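A.B. asks: Let me begin by handing over the structure; questions about it come next.
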Amino acid sequence: MSDDDGHPYLDIPETAFWSSAVAKRNFLEISDLWNPKFPIKSSMKISTFGSCFAQHIGRALREHGFRWFEAEEAPERMAADTKSLFNYGVFSARTGNIYTTSLLKQWLEWACEKNEVPTEVWHKDGRYYDPFRPTIEPDGFASKDELQASRQLTLKALRTAAESSSVFVFTLGLTESWKNRVHGYEYPVCPGTAAGEFSAEQHEFVNQDFVEIRKALLDSVRLLQSVNPKVRIILTVSPVPLTATMSGNHVLLATMESKSILRAVAGNVARSSERIDYFPSYEIINSPVMRGAFFEPNQRSVSSAGVRHVMNEFFRCLFKAYPELSAKQATAEHRGKNASATVARKKGKALASSDPTSGDIVCDEELLDAFSPERDSR
Amino acid sequence: MNCFIIGDSHTGSLKRAWDSISEKQHAIKFTFFASTTDTMKDLILDDDRLVPSTPFLEKNIAITSGGLRAIPIKSAEAILIYSLGIRFPRIPVGVTAAAIVATCRDILRDSIGYRLAAEIRSISDVPLFLGNKPQRVDVVDKAHLADYVPMHILSEVMQQQIGISNTRLVSQPPSTLADPLNTEFSFSTNPKSLRSGSRKEPDGSHMNEEYGKEYMNHFITEAFQQC
């Protein structure tokens, strides 16, 4: 094509045009919003951290047969609702929500022993609370020692996740943060809200700007890569609006500004490396063309349908870009089902157990042998 | 003293042991009621008996008890509920006391053994004992023993979580343990195949007659201080 034959827009795909990609479609059929930079195989360890929306990603990965990495596992045989109560299985380690990029950097520095964990502990009604994850235990900790031992487990798990994950997913949530004026470290929530006591002398509000957020994110990426050079990173932005703002603005304005900055940082950092990608969960939920359909009536919480829609788009785009993954995934799921069926068959008609341990297969013989008539006559 | 033992496949080692030591224990009569895996879940409380609701369980109850078709609770002067989902979890050091307590409570409350204990208690004041599924011989690698909560702590916590009157946990005796978590390897069984009679490799979970002797002697000492 010569320069006179047309213009560059003639050669761009349909998804580049609002009319064909958006306006002429039902909003539920708007697709191809993500062009993944790298494949995610079901064998890869995937860690998820960040704002509360990140937990949906981890859960969806598990449900689709991917290897979501639970680096800090719950105690063996803890019931599902108890796990939830104690915040196991929410993120890959029990960090609680990591709302800001500076909090991510802080956690990674502690885990990688680049910085010492502050000694600050909150105390109320005979229980102790971790300032950096104040709601991680339903009733706080019994002692400072217990708190610190628990946090050490979490830091060890975070380090493991950082070192051994093939894919590290981080969801950016907030620009607004609370810091200790004297020592400079950051709290995930304002002291005095979930726990602790607020002191205007000790605690300061900081609404981070693009430059600060980008720097903290890049520092975090460098730290991750220093312990795991092969790691790939997926950034997302939480679509969940602010609960409250200290910015002085209306919460709606504060939300829009905050999310816009986070979105800009995520895009900027993702463009800086082939190993860093951005997945548009924020746009899928929040774009005006979605008409707020994926929010609960409070216009803040994302509905389960919204989460499902986001994650369906994640897998659809992934499998479209890498069709071989789709086939392998289907095979892996099929293999999993077949393995269960084989175990059930081996256990025989008489066995009603759902416990697929081979030990119990041997044990049937063991038990019957102990009570066999031959034995009684021996 | 008429004692019942209600359990799963792990009851086999106790029965084998009792066969060889019963002559020394004239004052006690044990009646066994056992069935494989979780099939004891099909026991239903009917008046003052626990009655199997499947032919498979009925058959196993009959085989293991010497011909009884149900468990006549009122005939027992003590009952040991053995294994049946009552087991100690592997918990890293650093997990909070509250989480350990919650986990032990979850395991108890989710177990068939606990359900049976509660049902028995609803019709009888008979002393009840719960016995844990034997610790495997390879719960934790020896190099990492210090990273996990020892069994005796878990046993204490679980005892506190029972909440059924006159019911006590009789954990496996220290003499069966190689260390704070693993059962001594020599107690691991070499089961014989029923079909071929050939020996199988130890599964690390099911214990042999020697283990059964250790447990039965321990249980008799523990239980008959109370009965």
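A.B. asks: Counting only DSSP beta bridges with both residues in the protein assembly as shown, what percent are antiparallel, rounded to the nearest 5?
C.D. replies: Values: 22 of 58 bridges.
Just about 40 percent of them are antiparallel.
A.B. asks: So which of B:Lys133/B:Lys213; A:Lys83/A:Lys259; A:Lys124/A:Lys144 end up more than 20 Å apart by C-alpha?
C.D. replies: Working: B:Lys133/B:Lys213 15 Å; A:Lys83/A:Lys259 31 Å; A:Lys124/A:Lys144 12 Å.
Long pairs (Cα-Cα over 20 Å): A:Lys83/A:Lys259.
A.B. asks: Still on this structure, please answer the following. Taking a cut-off of 12 Å between Cα atoms, list the aspartates and glutamates near A:Lys179, but don't count ones fewer than 8 places away on the same chain.
C.D. replies: Of all the aspartates and glutamates, those that pass the test against A:Lys179 - Cα under 12 Å, at least 8 places apart if same chain - are A:Glu201, A:Glu204.
A.B. asks: On the principal axes of its Cα set, how long, how wide and how thick is segment A:1-126? Give whole Å, largest value first.
C.D. replies: 77, 35, 32
A.B. asks: Would you kindly calculate the translational diffusion coefficient of the protein assembly as shown, applying Stokes-Einstein with the Kirkwood radius from alpha carbon pairs, for 20 °C and a viscosity of 1.002 mPa s, and quote it in µm² s⁻¹ without decimals?
C.D. replies: Details: Rh = 27.8 Å.
Answer from the Stokes-Einstein relation: 77 µm²/s.
A.B. asks: What do the square roots of 5 times the Cα gyration tensor eigenvalues come to for chain B, in whole Å, largest first, as semi-axes of the equivalent ellipsoid? List each step's numbers first, then the result.
C.D. replies: Working: eigenvalues 143, 97, 57 Å².
Taking √(5λ) for each Cα gyration eigenvalue gives 27, 22, 17 Å.
A.B. asks: Let me know the longest stretch in chain B that avoids all trypsin sites (Lys or Arg not before Pro) found in a DSSP loop with at most 15 other C-beta atoms within 10 Å. Write down the numbers at each step before the final one.
C.D. replies: Details: sites that count: B:Arg69, B:Arg195, B:Lys200.
Within chain B, the longest run free of exposed trypsin sites (Lys or Arg not before Pro) spans B:70-194.
A.B. asks: May I ask you to evaluate 6.51 cos²θ - 1.76 cosθ + 1.60, the Karplus curve with θ = phi - 60°, for each residue of segment A:260-273 and list the ³J(HN,Hα) values in order in whole Hz, giving x for glycine and proline?
C.D. replies: Values per residue, Gly and Pro as x: 5, 5, 4, 5, 5, 5, 4, x, 4, 5, 5, 5, 7, 8 Hz.
A.B. asks: How far, in nm, would the chain grow between A:Ser301 and A:Ser260 when pulled straight, counting 0.36 nm per residue and subtracting the alpha carbon separation? Before the final figure, lay out each step's value.
C.D. replies: Details: separation 41, 0.36 × 41 = 14.76 nm, distance 1.85 nm.
The span from A:Ser301 to A:Ser260 would gain 12.9 nm if fully extended.
A.B. asks: Please arrange A:Arg300, A:Arg214 by counting, for each residue, the other beta carbons lying within 10 Å of its beta carbon, fewest first. Walk me through the numbers before you get to the answer.
C.D. replies: Working: A:Arg300 14, A:Arg214 19.
Least crowded to most crowded, the residues run A:Arg300, A:Arg214.
A.B. asks: Hey, can you grab everything whose amide H is under 5 Å from the amide H of B:Ile91? Only 5+ residues off in sequence or another chain; H modelled, so Pro and N-termini drop out.
C.D. replies: B:Val149
A.B. asks: What's the longest piece of chain A with no exposed GluC sites (Glu not before Pro), counting a site as exposed if DSSP puts it in a loop and it has at most 11 other beta carbons within 10 Å? Can you show the working numbers first?
C.D. replies: Numbers: sites that count: A:Glu113, A:Glu116, A:Glu197, A:Glu201, A:Glu274.
Between exposed loop sites, the widest span is A:1-112.
A.B. asks: A further question follows. Please go through segment A:71-173 and write out the trypsin sites (Lys or Arg not before Pro) that DSSP classes as loop and that have at most 14 other C-beta atoms within 10 Å. Don't skip to the end; give the middle numbers.
C.D. replies: On the way: sites: A:Arg77, A:Lys83, A:Arg94, A:Lys105, A:Lys114, A:Lys124, A:Arg127, A:Lys144, A:Arg151, A:Lys156, A:Arg159; in loops: A:Arg77, A:Arg94, A:Lys114.
Listed in order of number, the matching sites are A:Lys114.
A.B. asks: Report the antiparallel proportion of the DSSP beta bridges in chain B as a percent, rounded to a multiple of 5. Walk me through the numbers before you get to the answer.
C.D. replies: Working: 10 of 30 bridges.
Roughly 35 percent of the DSSP beta bridges within chain B come out antiparallel.
A.B. asks: Calculate the FRET efficiency for A:Asp139 and B:Lys142 from the Cβ-Cβ distance with a Förster distance of 60 Å, rounded to the nearest 0.05. Walk me through the numbers before you get to the answer.
C.D. replies: Working: r = 35 Å, r/R0 = 0.58.
Calculated value: 0.95.
A.B. asks: Describe numerically, in nm with one decimal, the distance between label points set 7 Å from Cα along Cα→Cβ at A:Met44 and at A:His250.
C.D. replies: Each label point is offset 7 Å from its Cα along the Cβ direction, giving 4.2 nm.
A.B. asks: I would also like to ask the following. What residue among A:Ala244, A:Leu262, A:Met44 has its Cα farthest toward the positive end of the dipole of chain A, where the charges are +1 on Lys, Arg and -1 on Asp, Glu, each on the Cβ?
C.D. replies: Of the listed residues, the answer is A:Met44.
A.B. asks: Sequence-distant or interchain residues sharing an amide H contact under 5 Å with A:Gly50, placed H: which?
C.D. replies: Those qualifying (amide H under 5 Å, at least 5 residues apart or on another chain) are A:Ile98, A:Thr171.
A.B. asks: Sticking with this one: Where is the GNM fluctuation largest for chain A (alpha-carbon springs, 10 angstrom cutoff): A:Leu174, A:Leu325, A:Leu103?
C.D. replies: A:Leu325
A.B. asks: Pop the C-beta distance of B:Gln160 and A:Glu274 into the FRET formula with R0 = 60 Å and round what comes out to the nearest 0.05. Could the numbers behind the result be given before it?
C.D. replies: Numbers: r = 56 Å, r/R0 = 0.93.
Efficiency, from the Cβ-Cβ distance: 0.60.
A.B. asks: Using unit Cβ charges (K, R positive; D, E negative) and no other charged atoms, how large, in debye to the nearest 20, is the dipole of chain B about its Cα centre?
C.D. replies: Numbers: 24 positive and 26 negative charges, 74 e Å.
I would put it at about 360 debye.
A.B. asks: For segment B:144-152, what does the Karplus curve 6.51 cos²θ - 1.76 cosθ + 1.60, with θ = phi - 60°, yield as ³J(HN,Hα) per residue in whole Hz, taken in order and with x for Gly and Pro?
C.D. replies: 10, 4, 5, 7, 10, 5, x, 4, 5
A.B. asks: Taking the number of other C-beta atoms within 10 Å as the exposure measure, put A:Leu153, B:Leu84 in order starting with the fewest.
C.D. replies: Working: A:Leu153 19, B:Leu84 27.
Going from sparsest to densest Cβ surroundings: A:Leu153, B:Leu84.
A.B. asks: Per DSSP H run of at least 4 residues, take -39500 (n - 2.57); add these up for the protein assembly as shown, divide by its residues and hand me the 222 nm value, nearest 500 deg cm²/dmol. All intermediate terms of the calculation are to be shown ahead of the outcome.
C.D. replies: On the way: 17 runs with 226 residues, N = 605.
Dividing the helical sum by the residues of the protein assembly as shown leaves -12000 deg cm²/dmol.
A.B. asks: Taking 8 Å as the Cα distance limit and 6 or more residues as the minimum spacing, I'd like the relative contact order of segment B:21-132 as a percentage.
C.D. replies: Details: 135 pairs, mean separation 29.4, N = 112.
Result for segment B:21-132 is 26 percent.
A.B. asks: Still on this model: Taking the Cβ of each residue in A:Trp178, A:Trp18 as the centre, tally the other Cβ atoms inside 10 Å and list the residues starting with the fewest.
C.D. replies: Values: A:Trp178 20, A:Trp18 10.
If I rank by nearby Cβ atoms, fewest first, I get A:Trp18, A:Trp178.
A.B. asks: What residues qualify as long-range amide H neighbours of A:Val237, i.e. H under 5 Å apart, gap of 5 or more or another chain, H built at 1.01 Å from N?
C.D. replies: Hits under the 5 Å cutoff: A:Leu172, A:Ser281, A:Tyr282.
A.B. asks: Further, regarding this structure: Taking the Cα-to-Cβ direction at A:Asn312 and at A:Ala293 and moving 7 Å from each Cα, how far apart do the two end points lie in nm?
C.D. replies: That separation, rounded to one decimal, is 1.0 nm.
Laboratory data are not the source of any read-out in this text; all were calculated from the coordinates shown. Please read all numbers here as calculations on a predicted model, not as lab measurements. Please note: Cβ atoms are built from the backbone with ideal geometry, for glycine as well, and neighbour counts cover all protein chains shown.
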